[in-house]
Amino acid sequence: MRVALLYPPAADPTAPYVSVPVLTAFLRSKGVDVLPFDANLGAFNRLLRRETIDRLLRRIRRRASALGAKAALGHEELLEYVRLREVLHGSSGIADRVGEAILLFRGRNPGGTSRGFFDPDRYEEAVKVVEGALGVISAAFYPVRLDFASYRTPFSLLNRIEIDRDAQPARDPFHEYYASILIPALREAAADVVGISVSLPGQVQPAFALGWALREGLPGVHLTVGGSAMTQLLSGLAEGRREEFLPPFDTAVLFEGEDALLDLLGSIDRGERPRGIVLGARRSGLESLPPPDFGGLPLSEYLSPEPVLPYDATRGCYWGRCAFCHYGLAERGTAPYRERPIGTVAGHLAELSRRHGARLFFLSEDTIAPESLLALAGLLAAQGREGPRLRWSTDLRAEDALTDEACRLLRAGGALSVSLGIESGSDRVLALMDKGLAADRMGTAMDNLSRSGIAVDLMCFTGFPTETPEEALETLDFIERHGPSVSLFFCGDFGLTYGSRVARTPRAFGVRSVWRVTGDDLGIRLFFDEETRGGEAGEADGEGDGGFERTFDRLASRWNLRQYPWAGSLSTAHTMLWYERFGPDAFRLPPVPKGRLPQRGRSRRGPSFQDRLRQLAEDREQEIWEELVYGKREVSRKAYAGLAAKYPPTAPREGKGPRGRGIA
């Protein structure tokens, strides 16, 4: 039997993800012939070319010209028009430069220059080019919004009808790659089974589109799907409804996949025709698992100058009590904590380094117990005295065990950076979350890590139920107080997930009700009402709703923070490479004089007609979605169209009269 394992778009193309190499290694150890494909990398390599961007720009110009020639546009047409015009305005030179940008990320110094990946100006220019190219791709397939972390349309994943609509070839930016390259390669390889590993939310809709393309192009092949994102999507449904969302796949493997996938392959090999949901069981231990197998993946084609390889030393979370958490291959909360033997981990990393020439590793897990990480660091330090010194990054809890002495050992054992889930700077909120740590204790761990020379990245969020504006600002104050120890930080917004303790026992967290909108058959997003609302962040300092944003902007101006997966975002290959080259202060900026921060929305010359047109369309769109979600609590195309029809048609060009209503 020959099995092809695919990693679909849309995800980070700068390094391989761990899921397919883990499954590849396990199946190969059992004698299965496995062909791994990084379809995410292949699809983006196909799209990020001069020929493709040129063709898509011509498509955008034709559509924008057709809309601009109309006397007046309804809301949906207006929204599309301003999006297309905005992309065209910023697309100058994108097609000509995208090839050089890709080469720069691969460390190949385009144009024979000596300035490349580690040159801040050249790197920033390349980032802007690739992000501009992603904007072109998105606009050409309007209303898609596509980047290296997400894939969305206004009605993404609401129900089977919307999933199938977004999977149509004309609406799928990746279909040309599937049809012209991937499917012919799978056909030539004579794969009997194709498995798709869906690990991240941005891969869910593209995985369905890929499934339908494979179903048409390889009609006799058994298609199966699994991974943490697909597990969370389907396991949140009642058992009787899971198979409703299974097409185009024959089977879906939920939870941990190694043994379940092997059993599934055995049944197919015996001539059976399995259909439906396959529930994977948690492995009791990880001792027998081989190291991830990257053989067959084109490591030189990832968008990094050298390989940064992921490795799964543990699974699950040893704390496992945070009330907000529902993550990974678990029906609720997080999976129980398990480790590979630490001596085995050290040996595996050394083996992978020899096999692939890799010096940098990302320990890809929920977290790892400090005592185990210290033991690993000791072994790696000893290995480094006899051979190549390996460097690594990982996610950690900011435990008391991270003393000065412990952090020095981690550094000696190759620690390059760690990302800490601080979550909040408010002790009351931390206690409500059941975080198990107080802010000052986490601050001490951060300072110890920083003093040892390890880059410290912080992960925080605001908006936890009953959090007050003052408590939201405490989080920013915490970051500011420990600023010298912070290499990077991220502060997001709380989102409620169905498998978290907050969703299961809402009253314990000051939540009056949990609800979702009618029409969201998959329950993609949950909403909640608090018993006593904490108010809007920003009101506490007397600056109105913008107080939190202004404080955040002032704080963020001290670092060169970038979007995922670029250097300057957390836990990425590029950030690790920059830390190794420039140290923990790689992204620190000189202080901005008071009063010099850029002011949002201000222009010395005033907004142009196109600016006002865009603002009008965006304001109307926001009004519609607020009414749908919080007013009607219903999302559907019919409800959306009804609200959009209330706005008068608008002329796409400046002026009033027969072309339509002007802009006030």
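What net charge is computed for the residues neighbouring Ala95, neighbours being all others with C-beta under 13 Å from the C-beta of Ala95, Lys and Arg scored +1, Asp and Glu -1?
It works out to a net charge of +3.
Could you state the principal axis extents of the C-alpha atoms in segment 2-279, from the largest down, to the nearest angstrom?
Each principal axis gives a Cα extent; for segment 2-279 these are 59, 51, 32 Å.
Note down the magnitude of the dipole of segment 2-279 about its Cα centre, charges +1 on Lys and Arg C-beta and -1 on Asp and Glu C-beta and zero elsewhere, to the nearest 20 debye. The partial results should precede the final answer.
Values: 33 positive and 35 negative charges, 184 e Å.
In total the dipole reaches around 880 debye.
Share of antiparallel DSSP beta bridges in the chain, in percent to the nearest 5?
Details: 10 of 60 bridges.
Within the chain, antiparallel bridges account for around 15 percent of the total.
Tell me which of Ser228, Leu476, Thr551 sits at the most positive position along the dipole axis of the chain, charges placed on C-beta atoms (Lys, Arg +1; Asp, Glu -1).
My answer, from the dipole projection, is Thr551.
Pull up all non-local amide H partners of Tyr564: gap of 5 or more, or a different chain, and H-to-H distance under 5 Å with H placed in the peptide plane.
Hits under the 5 Å cutoff: none.
Tell me the relative contact order for segment 306-582 as a rounded percent, counting alpha carbon contacts under 8 Å between residues six or more apart. Don't skip to the end; give the middle numbers.
Working: 521 pairs, mean separation 44.3, N = 277.
Computed value for segment 306-582: 16 percent relative contact order.
Please give me the summed charge of the neighbours of Val20: other residues whose Cβ is under 10 Å from its Cβ, Lys and Arg +1, Asp and Glu -1. Don't skip to the end; give the middle numbers.
Values: positive: none; negative: Asp38, Asp293.
Within the 10 Å Cβ shell, the charges total -2.
What list of ³J(HN,Hα) couplings, whole Hz, do you get for segment 155-165 from phi and the Karplus terms 6.51, -1.76, 1.60, once you set θ to phi - 60° and write x for glycine and proline?
The phi angles translate into 10, 3, 6, 5, 7, 4, 4, 5, 4, 5, 4 Hz.
List the residues whose amide H sits under 5 Å from the amide H of Glu423, counting only those 5 or more places along or on another chain, with H placed 1.01 Å from N in the peptide plane.
Correct list: Met459, Cys460, Phe461.
State, as an integer percentage, the relative contact order of segment 1-66 based on alpha-carbon contacts under 8 Å between residues 6 or more apart. Mind dumping the intermediate values first?
Working: 54 pairs, mean separation 25.6, N = 66.
It rounds to 39 percent for segment 1-66.
Taking other Cβ within 10 Å of each residue's Cβ, how do Leu210, Leu360 sort, fewest first?
Working: Leu210 30, Leu360 22.
Listed from fewest to most nearby Cβ atoms, that is Leu360, Leu210.
For the chain, what number of Lys pairs, 8 or more residues apart or on separate chains, have alpha-carbon atoms under 21 Å from each other? Walk me through the intermediate numbers first.
Numbers: Lys70/Lys646; Lys70/Lys656; Lys632/Lys646; Lys638/Lys646; Lys646/Lys656.
Taking the chain as the scope, the lysine pair count is 5.
Within 10 Å of each residue's Cβ, count the other Cβ atoms and sort Arg525, Arg501 from fewest upward. Kindly include the intermediate steps, with their values, before the conclusion.
Values: Arg525 15, Arg501 19.
Fewest-to-most ranking of Arg525, Arg501: Arg525, Arg501.
Can you give the FRET efficiency to the nearest 0.05 for Val514 and Lys632, using r as the Cβ-Cβ distance and R₀ = 22 Å?
Numbers: r = 18 Å, r/R0 = 0.81.
It comes out at approximately 0.80.
Quick check: residue separation of Phe118 and Met1 times 0.36 nm, minus the Cα distance between them. What number comes out in nm? Display every interim value, and only then the final one.
Values: separation 117, 0.36 × 117 = 42.12 nm, distance 4.50 nm.
This chain segment gains 37.6 nm when fully extended.
List, in order, the whole-Hz ³J(HN,Hα) value for each residue of segment 517-524 obtained from phi through the Karplus relation with A = 6.51, B = -1.76, C = 1.60 and θ = phi - 60°; use x for Gly and Pro.
7, 5, x, 8, 5, 8, x, 4
Work out, step by step, the length gained on full extension between Ser267 and Glu125: first 0.36 nm times the residue separation, then minus their alpha carbon distance; give nm to one decimal.
Working: separation 142, 0.36 × 142 = 51.12 nm, distance 5.20 nm.
Gain on extension, Ser267 to Glu125, equals 45.9 nm.
When the dipole is taken about the Cα centre of segment 306-582, and only Lys, Arg (+1) and Asp, Glu (-1) are charged at their Cβ, what size is it in debye, to the nearest 20?
Values: 31 positive and 40 negative charges, 261 e Å.
Using only the charged Cβ atoms, the result is roughly 1260 debye.
Based on alpha-carbon positions alone, could you give the equivalent ellipsoid semi-axes of segment 369-435 from the gyration tensor, as √(5λ), descending, whole Å?
Numbers: eigenvalues 170, 23, 14 Å².
The answer is 29, 11, 8 Å, longest axis first.
Charges only on Cβ, +1 for Lys and Arg, -1 for Asp and Glu: so what's the dipole of the chain about the Cα centre, in debye to the nearest 20? Walk me through the numbers before you get to the answer.
Details: 85 positive and 88 negative charges, 428 e Å.
Roughly 2060 debye, rounded to the nearest 20.
Give me, ordered by chain and number, the residues 5 or more places off Asp33 or on other chains with an amide H under 5 Å from its own placed amide H.
Val3
If we count other beta carbons within 10 Å of each Cβ, what is the order of Trp392, Trp559, Trp515, fewest first?
Details: Trp392 26, Trp559 19, Trp515 10.
Lowest count first: Trp515, Trp559, Trp392.
Each residue of segment 627-639 in turn: what ³J(HN,Hα) in whole Hz from Karplus with 6.51, -1.76, 1.60 and θ = phi - 60°, glycine and Pro shown as x?
Karplus values, whole Hz, x for Gly and Pro: 5, 4, 7, 9, x, 6, 6, 9, 10, 7, 5, 5, 5.
Checking the a/c ratio against 1.5 first, then a/b against b/c, what shape does the Cα gyration tensor give for the chain? Write down the numbers at each step before the final one.
Values: a/c = 1.35, a/b = 1.14, b/c = 1.19.
Taking the square roots of the gyration eigenvalues as a ≥ b ≥ c, the chain is rounded.
In nm, to one decimal, how far is the modelled label at Phe609 from the one at Asp54, with both set 7 Å along Cα→Cβ?
Once both label points are built, they end up 3.2 nm from each other.
Work through the residues other than Pro154 whose Cβ is under 15 Å from its Cβ and net out their charges, Lys, Arg +1 and Asp, Glu -1. Each step should come with its number before you reach the end.
Details: positive: Arg83, Arg145, Arg152, Arg165, Arg171, Arg525, Arg620, Arg637, Lys638; negative: Glu76, Glu77, Glu80, Glu162, Asp166, Asp520, Glu618, Glu621, Glu623, Glu626, Glu627, Glu634.
Net charge around Pro154: -3.
For Arg354 paired with Ile277, estimate the spin-label separation in nm (one decimal), with each label point 7 Å from Cα along the Cα-to-Cβ line.
Distance between label points: 4.5 nm.
Can you give the relative contact order of segment 2-279 as a percent, counting alpha carbon pairs under 8 Å and 6+ residues apart? List each step's numbers first, then the result.
Values: 414 pairs, mean separation 55.5, N = 278.
For segment 2-279, the relative contact order is 20 percent.
Could you compute the FRET efficiency for Arg160 and Asp427, with r as their C-beta to C-beta distance and R0 at 45 Å, rounded to 0.05? Intermediate values should be presented prior to the final figure.
Working: r = 46 Å, r/R0 = 1.02.
The pair Arg160/Asp427 has a calculated efficiency of 0.50.
Starting from 0.36 nm per residue, how many nanometres of slack lie between Glu243 and Ala190 once their C-alpha separation is accounted for?
Details: separation 53, 0.36 × 53 = 19.08 nm, distance 2.75 nm.
Extra length from Glu243 to Ala190 when fully extended: 16.3 nm.
Every read-out reported here was derived from the displayed coordinates using simple, explicitly stated rules and does not represent laboratory data. The shown structure was predicted, so the numbers you read here are calculated from the model rather than taken from an experiment. Note that each Cβ is placed from the backbone with ideal geometry, even for glycine, and that neighbours are counted across all protein chains shown.
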